[in-house]
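These notes concern the structure reproduced below.
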Amino acid sequence: MNRPSWDEYFMRITAEVAQRATCPRASVGAVIVKDKRILTTGYNGAPSGLPHCAETGCLVVDNHCVRALHAEQNALLQSARHGISVAGGTIYVTHQPCLTCAKMLINAGIVRVVYTQAYLDPIAQEFLTQAGVELVRMNAPAGSHRRKRAKP
């Protein structure tokens, strides 16, 4: 029997969560885990009740889509909404967190970030390092290639 490691297991789930993303610029997923248990998930998309990029197009300002929340933000907001502490947890993300998400993860008490795709933000990396957050890049798990989504 060839079982995946815990990191591989949670990263596979993260890749599946990313399939729910509604911004065509990137399909990003996040899963927050503590004690080998999934606490929350998130993917990038518009705030609840607002039209998604897939429906109305991206709202791009300074080369960033401002319509969509990031996957990490949605995972953290889900924990806040349901009263779940993520302090001491690990977040699995398909893409390395940006600076804003890095700062939010630090303040939420996340102690480890595992990701597969680089997002060149040296300031985010430096902040995570200074805060003592372990940053781990791993290869994308087998079978987690990006699939095309059906149009809504």
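The values are calculated or read from the model by the stated rules, or taken from the named source; none is laboratory data. All values derive from a computational prediction rather than experimental measurement. Here Cβ is always computed from backbone atoms with ideal geometry, including for glycine, and neighbour counts include all displayed protein chains. Only protein heavy atoms, including side chains, enter the accessible area calculation; ligands, DNA and RNA are left aside. Shrake-Rupley method; radii C 1.70, N 1.55, O 1.52, S 1.80 Å.
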By its C-alpha gyration tensor, with a ≥ b ≥ c as the square roots of the eigenvalues, how is segment 72-138 shaped: rounded for a/c under 1.5, else prolate for a/b larger than b/c, else oblate?
prolate
Residue-count net charge about GLY88 - beta-carbon cut-off 15 Å; Lys, Arg +1, Asp, Glu -1:
+2
Per residue accessible area of the chain, 1.4 Å probe, in Å²
59 Å²
Taking MET104, MET1, MET11, MET138 and ranking on accessible area (1.4 Å, protein atoms only), highest first, one gets MET1, MET104, MET138, MET11
Simple SL model, points at 7 angstrom along Cα→Cβ for LEU120 and THR100; separation in nm is 2.2 nm
Charge dipole (debye, nearest 20) of the chain; +1 at Cβ of Lys and Arg, -1 at Cβ of Asp and Glu:
540 debye
FRET E, pair LEU50, ASN107, Förster distance 30 Å, beta-carbon r, rounded to 0.05
0.75
Among SER27, SER79, SER48, residue whose mean-square fluctuation peaks in a GNM of the chain (springs only between Cα atoms under 10 Å):
SER48
Give a residue-ordered list of calculated ³J(HN,Hα) values for segment 46-57 (Karplus: 6.51 cos²θ - 1.76 cosθ + 1.60, θ = phi - 60°; whole Hz; x for Gly, Pro).
5, x, 3, x, 9, x, 8, 4, 4, 8, 10, x
Whole-angstrom gap from segment 49-83 to segment 1-25, using each part's C-alpha centre:
19 Å
Rank these residues by their accessible area, most exposed first, probe 1.4 Å: CYS101, CYS58.
CYS58, CYS101
Would you mind telling me the share, in percent, of accessible area of the chain contributed by carbon and sulfur at probe 1.4 angstrom?
52 percent
Inter-probe distance in nm under a simple model that places probes 7 Å from Cα toward Cβ, at ALA87 and LEU59:
3.4 nm
Would you work out the charge dipole size for segment 1-89 about its Cα centre, treating the Cβ of every Lys and Arg as +1 and the Cβ of every Asp and Glu as -1, and quote it to the nearest 20 debye?
220 debye
